[in-house]
Amino acid sequence: MTTFESTIRQIDYSQQSVYNLLSDLSNIDRVKDRLPADKLNGLTFDTDSIAITTPMGAVKLHIIEREEPKCIKFETAESPLPFNFWIRILPMDEQRSKMKLTIKADLNPFIKGMVSKPLKEGIEKIADALQAIKYE
């Protein structure tokens, strides 16, 4: 398994507020106007799943586990490259939390060489977007 992790991000909202918004994917509707329009190609979502069209093909993730208020785990339902993804949220104090994103994928050496850089950049961009959300 190959692991890709984002940098740890400080979020100026409580752990519970962040968890509440991210654990229900239908809340994307409230924040999608803050996401780059060119990155929303084929975006669909409901409470437990999200799908988007990427240059490599369609990617659909669904939530497989919620560990309130600290972790949301996803796995691919459709993807050119199967992977698991999770969001960890830890409290800093009552008003602030920190977040880290992780992707784990079983990659052969050839594929790993091709996708490592895009996955590292992609996980940081997702972390940037999640850090910018107003969790109130």
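The values are calculated or read from the model by the stated rules, or taken from the named source; none is laboratory data. Source: prediction; values computed, not measured. In this analysis, Cβ positions are derived from the backbone assuming ideal geometry, glycine residues included, and neighbour counts consider all displayed protein chains.
Within the stretch 124-136, residues that are within 11 Å of residue 9 (Cβ to Cβ) reach partners that are part of a loop (DSSP other than H, G, I, E, B) and at pLDDT below 90 with beta carbons closer than 7 Å, at six or more positions or on different chains, in the pairs 129/35. Of the listed requirements (1) in a strand (DSSP E or B); (2) within 30 Å of residue 94 (Cα to Cα), residue 51 misses just one: (2). Every residue in the stretch 56-107 that is among the hydroxyl-bearing types (Ser, Thr, Tyr), touching a helix residue (DSSP H, G or I) at 6+ places or on another chain (Cβ under 8 Å) and under 21 Å from residue 46 (Cβ atoms), please. Correct list: empty.
For the condition farther than 17 Å from residue 27 by Cα, surrounded by 13 or more Cβ atoms within 10 Å (Cβ to Cβ) and of a type in the set (Lys, Arg), what is the one hit in 120, 73? Exactly one of 120, 73 is farther than 17 Å from residue 27 by Cα, surrounded by 13 or more Cβ atoms within 10 Å (Cβ to Cβ) and of a type in the set (Lys, Arg), namely 120. Restricting to the stretch 62-117, what's the tally of residues that are assigned to a strand (DSSP E or B), touching a Gly at 6+ places or on another chain (Cβ under 9 Å) and modelled with pLDDT under 95? Of the residues in that region, 1 qualify.
May I ask you to verify whether residue 45 is surrounded by 14 or more Cβ atoms within 10 Å (Cβ to Cβ), out of contact with any Phe, Trp or Tyr (no Cβ under 7 Å at 6 or more places or on another chain) and closer than 14 Å to residue 102 by Cβ? So residue 45 fails the test. Under 6 Å by Cβ, and 6 or more places apart or on different chains, what pairs join a residue from the stretch 80-107 that is over 30 Å from residue 53 (Cα atoms) with one that is exposed (fewer than 15 other Cβ atoms within 10 Å of the Cβ)? Sorted first by the residue in the stretch 80-107, then by its partner, the pairs are 96/12. For the stretch 1-34, residues that are in contact with a strand residue (DSSP E or B) (Cβ under 6 Å, 6 or more places away or on another chain) and free of Cβ contacts under 8 Å to residues at least 40 places away in the same chain total 2. Given the criteria among the charged types (D, E, K, R) and either farther than 21 Å from residue 26 by Cα or exposed (fewer than 14 other Cβ atoms within 10 Å of the Cβ) (or both), does residue 106 qualify? Criteria met by residue 106.
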